[in-house]
Amino acid sequence: MAQRKRRQLPKKKKTKNVVLYCIVVTILFAVACISGRYAMQHPDSLKSALADTELQVHVIDVGQGDSILVIADGEAMLIDAAESGAADAIVTYLEKQGVTKLRYAVGTHGHSDHIGGFPKVLAAVPAERVIEPVYDDALIPTTKTYERFLDAADACGASFSAMQAGDSFRLGGAVVEVLGPVPGKAKDLNNASLVLRVTYDKVSCLFTGDMEISEENTILESGAAVSADFLKVGHHGSDTSSGAEFLAAVRPKYAAVSCGVDNDYGHPCKEPMDSLERMNVETHITAEEGDIVFAYDKETGSCGFVGAETAEK
């Protein structure tokens, strides 16, 4: 059978189509850039987008560290406060969101890139309750950073709690379940991280601190429900976290990575990012985009990322 020849456009028409295509692409790119800059220069646009949402997760751009603001029905919980050098940026961010008092301040574990900023943050925005993990005796931090964290909790008048797997509390209409640490299992501070699953109406969010694969497996073996719509990727996107079995059990639709630009650790690492891509998870990275915001609207049942305020890098 004779092979059918592919139809060729006349040269002028083809050139005209290519030019038209390039113009359209350029316009779309410009619109995207302008929209990003508008959100950055007009924080009120983010507030407007969040006005009708009952649950918000703000992954604050703090460089190489973690600081996550969770708001449910107007009640605020700050999970970690990064290094001390990021404290002013965290306070400014809280003020922009209208947060003058925290219902909870959570230090997932005793490393400085998670609790270092709390003294300044709690002095400016006090918490009603400060929460840390239950540490096995051998893992109780002895650093000055940890001592300052404890002193800051006392100074702001907060009640103090240590929690572990099986505990729970409420934030507005959300239920916060503690999945880890599982008592007696952690061998280091990363795996002693508080792991929190926040459920509001039909949406769940999972916050993993610096938990690594060994603790992920421990939590899976405990039978705890880990499925979540939103995942804060463990340990800044390290390849020591986000194991295939754990990600398959969580089945997130959305994920966020908190890490610094050109950090010394190579975060986020290729393996977990590839795993998330294969699962078609919409993933955002603070080092690339700045502050990242995820929200849920109970009335419409919709959730997703909301006009993150892209930071200048």
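Taking label positions 7 Å along the Cα-Cβ direction at both residue 48 and residue 138, the computed distance is 5.7 nm, reported to one decimal. Maximal additional length on extending the residue 155-residue 251 stretch stands at 30.5 nm, based on 0.36 nm per residue less the C-alpha distance.
Could you compute the FRET efficiency for residue 167 and residue 201, with r as their C-beta to C-beta distance and R0 at 25 Å, rounded to 0.05?
Working from the Cβ atoms, E equals 0.70.
Between residue 284 and 255, 256, 257, the built amide H atoms are under 5 Å apart, and every one of these is 5 or more places off in sequence or on another chain. The simple spin-label model puts a point 7 Å past each Cα toward its Cβ; for residue 270 and residue 299 those points are separated by 4.7 nm.
If you count, for each residue, the other Cβ atoms within 10 Å and average over each peptide, how do 157-168, 263-274 line up from highest to lowest?
Ranked from most to least packed, the peptides come out as 263-274, 157-168.
Using +1 at the C-beta of Lys and Arg and -1 at the C-beta of Asp and Glu, which of 162, 190, 223 has the Cα lying farthest in the positive direction of the dipole of segment 160-239? Farthest towards the positive end: 162. Around the amide H of residue 204, modelled in the peptide plane, lie the amide H atoms of 229, 230, all under 5 Å away and 5 or more residues distant in sequence or on another chain.
The string of couplings for segment 155-162 from the Karplus curve (6.51, -1.76, 1.60, θ = phi - 60°) is 5, 8, x, 6, 6, 10, 9, 10 Hz, one whole number per residue in order, with x for Gly and Pro.
Placing +1 at every Lys and Arg Cβ and -1 at every Asp and Glu Cβ, with all other atoms neutral, what dipole size does segment 182-259 have around its Cα centre, in debye to the nearest 20?
Numbers: 7 positive and 10 negative charges, 53 e Å.
The calculation lands at about 260 debye.
Under 14 Å of direct C-alpha separation, and excluding same-chain neighbours fewer than eight residues apart, residue 144 reaches these aspartates and glutamates: 83, 113.
Kirkwood hydrodynamic radius of segment 227-290, from the reciprocal of the average inverse Cα-Cα distance over all distinct pairs: 11.5 Å. Annotation: peptides 214-222, 250-258, ranked by per-residue average of other Cβ atoms within 10 Å with the highest first, follow the order 250-258, 214-222.
Over the C-alpha atoms of segment 131-288, the Rg to Rh ratio, Rh being the Kirkwood estimate, stands at 0.97.
A short reminder: the numbers here are calculations on the coordinates, not readings from a lab. Note that the structure is predicted; figures quoted are calculated from it, not measured. Neighbour counts run over all protein chains shown; Cβ positions are idealised from the backbone, glycine included.
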